[in-house]
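The values are calculated or read from the model by the stated rules, or taken from the named source; none is laboratory data. Values in this document were obtained by computation on a predicted structure and should not be read as measured data. Please note: Cβ atoms are built from the backbone with ideal geometry, for glycine as well, and neighbour counts cover all protein chains shown. Heavy atoms of the whole protein, side chains included, go into the accessibility calculation; ligands, DNA and RNA do not. Shrake-Rupley method; radii C 1.70, N 1.55, O 1.52, S 1.80 Å.
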Amino acid sequence: GSFSKMTDSGGSCHTIPTPSSFLCSNWYHDPFSKGGWSLLTAQATAQTRRVLQQPIVSDHPNDGNGDESGSGRCVLWLAGEHTNPTQAAMVHGAYQEGVRAAKECLQHWKKETKINEEAVDIVVIGAGAAGLGCAHQLLLQESNGEDKHSDIKRKVVVLEARDRIGGRVWTEPLTIGDSQTFQVELGANWLQQGDANPLASIAKEKLQLRLIDTHFLQPSEYPLHRHVPPDRVDAIMKQFVKRSNQRAGRYAAAAADSDDLNFSTTRAHSTMQDVLDDWLQDLKEGSSSSSSDFTMEEIRHVLEGEILVDAGVPLSKLSSQFGMEPGVGEGDRWIVGGYKQLFDQHLARGVDIRHNCIVTRIDTSHPTGRVCITYRTFTENEVEVLADAVICTIPSAVLQQGSIEFVPPLPQSHQTALGALITGRVEKVVLAFDERWWPPATASNGYIRAYGTIFGDVSEWLDCTDVFGVPVITGIFSGPWVEDIWKEGSSSEEVALKATAALYRAIHETSS
């Protein structure tokens, strides 16, 4: 293979392998994603995501008495990973939210009188996991016995801004040499949470796709001298959670047990960085016997590998009380041939999807009493469509920046909840080489973590070599070095070379 010479800041010259083929994401600058996935800031409460699940009632004067008792017509639902209180930031979490919104919408329209006469027009915005999960659920026919609302005729249209489906799931072909093509993931990579994931059973049983296990809890870690044994990782995380709860002054369960969506008295406004600072201060003063077992380096290393790699924002942005949401762990698998198969062969089948339709306005107070959706097409023409109900599955980061105008504005409760979320910057790179120059990660089945020099610089890698039969490795980057590797104006080639260098240096760095 060809090699490029690169001098690192230490001045020593390494010969860093050059990828023969590569693909890179740029989620942060993608106007339809604006980053990775949603996270809870210190402004969040235990109810933040649940508030976003509440349907929005029509503002039209003909709809009942317009009081707050919920007697109006529900016409707008938000759904996505950001509205899932128990499975946020995951593909199946988004999918399940789409299914929830579809069921709620049909349940609501069952009560409406116009049913049985004409079809209900439902517009779904976004063809990612939530939007397609929603459309698929709305179109389920009674023939399979799953549809409780078979008496409701319905017409469903999905408006998608991109020229592809999938949203933050993005399977792309990587061509190696003249002939070989492999489907690789530039977005979501794993079916998470094992058999608790409904998409995993569809992939396995229904579509009979080949799934490969990844053992996240036994990563190969580089630089080698940074490795912390799993039992110590566990102990440090337990201690961190305990300290977070102590700092919050009460356990998060108190809020979780409350049904009141405005239950905000548990807001601690405390961040994970505050908890870490307290702990490191205790270490310095030697005042905390329970934490003297761990070094400052170990604690910081564990927080990088357990929290920051799944965030893409600094600890100072994350709620210490509610920010530790469930995620990766046991039973995670990736799909040979890509996530796209699940969408193409199952979720999107038979769905009317209109591409290149960029929604700019949702008006729930239209004089017709219906919802008016305005969208822009590729040719910049503005189009208006009327619907009885709208399910909006746009990512929270895109909603936050106001690229869709809601008329009237979203309820204050929804706006506050949206404001308590933040979306991290996480990027991916897929690299092919002439030969495998990194050590195989046998215990984890191909899962590697590589760390940089600044706190928060962490990358995780999935080695696909054994499955593809060609040296291919996928890298997921978060932390300060993302700003440098994906520097504005960089070419894909520059990104690929810098990402390769990061992995190479981590593997070859010896204890200083």
**Fill in**
Reported to the nearest 10 Å², residue 56 has, with a 1.4 Å probe, an accessible area equal to 20 Å²
**Request:** Evaluate the distance, in nm, between pseudo-label points positioned 7 Å from the Cα of residue 493 and of residue 238 along their respective Cα→Cβ axes.
**Result:** 5.3 nm
**Item:** Partner lysines for residue 110 [C-alpha distance under 16 Å; skip if fewer than 8 residues away on the same chain]
**Value:** 148, 153, 155
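Do you know the relative contact order of the chain, to the nearest whole percent, from alpha carbon pairs under 8 angstrom that are 6+ apart? Don't skip to the answer; put the middle values down first.
Working: 1068 pairs, mean separation 130.8, N = 512.
Reported as a whole number, the value is 26 percent.
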**Accessible surface, the chain, averaged per residue in Å² (probe 1.4 Å)** = 43 Å²
**Which of 216, 22, 378 is most accessible, then next, and so on - probe 1.4 Å** = 378, 22, 216
**Cα shape, the stretch 372-457, gyration tensor, a/c 1.5 rule** = prolate
**Request:** Return the sequence-ordered ³J(HN,Hα) values of the stretch 176-192 in whole Hz as given by the Karplus equation 6.51 cos²θ - 1.76 cosθ + 1.60 applied to θ = phi - 60°, using x for Gly and Pro.
**Result:** 10, x, 8, 10, 8, 10, 10, 7, 10, 9, 9, x, 3, 10, 10, 8, 9
**Item:** Spin-label pair residue 443/residue 153, simplified geometry with 7 Å Cα→Cβ offset, distance in nm
**Value:** 6.3 nm
**Asked** Where the accessible area of the stretch 442-512 is counted over protein heavy atoms with a 1.4 Å probe, how much of it, in %, is carbon and sulfur?
**Response** 49 percent
**Message:** On a 31 Å Cα-Cα criterion, which of the cross-link pairs 103/206; 242/428; 34/284 come out too long?
**Reply:** 242/428; 34/284
**Asked** So for 380, 221, 112, what's the accessible-area order with a 1.4 Å probe, most first?
**Response** 380, 112, 221
**Request:** Multiply the residue gap between residue 175 and residue 246 by 0.36 nm, knock off their C-alpha separation, and tell me the result in nm, one decimal place.
**Result:** 20.4 nm
**Prompt:** Where nothing but the Cβ of Lys and Arg (+1) and of Asp and Glu (-1) is charged, how large is the charge dipole of the chain around its Cα centre, in debye to the nearest 20?
**Reply:** 320 debye
**Message:** Let me check I've understood the local charge: for residue 123, count other residues with C-beta under 13 angstrom from its C-beta, Lys and Arg +1, Asp and Glu -1. What total comes out?
**Reply:** -1
**Item:** FRET efficiency, residue 293 to residue 330 (Cβ-Cβ, R0 35 Å, nearest 0.05)
**Value:** 0.85
**Prompt:** Heavy-atom accessible area of residue 152 with all protein chains present, probe 1.4 Å, nearest 10 Å²?
**Reply:** 10 Å²
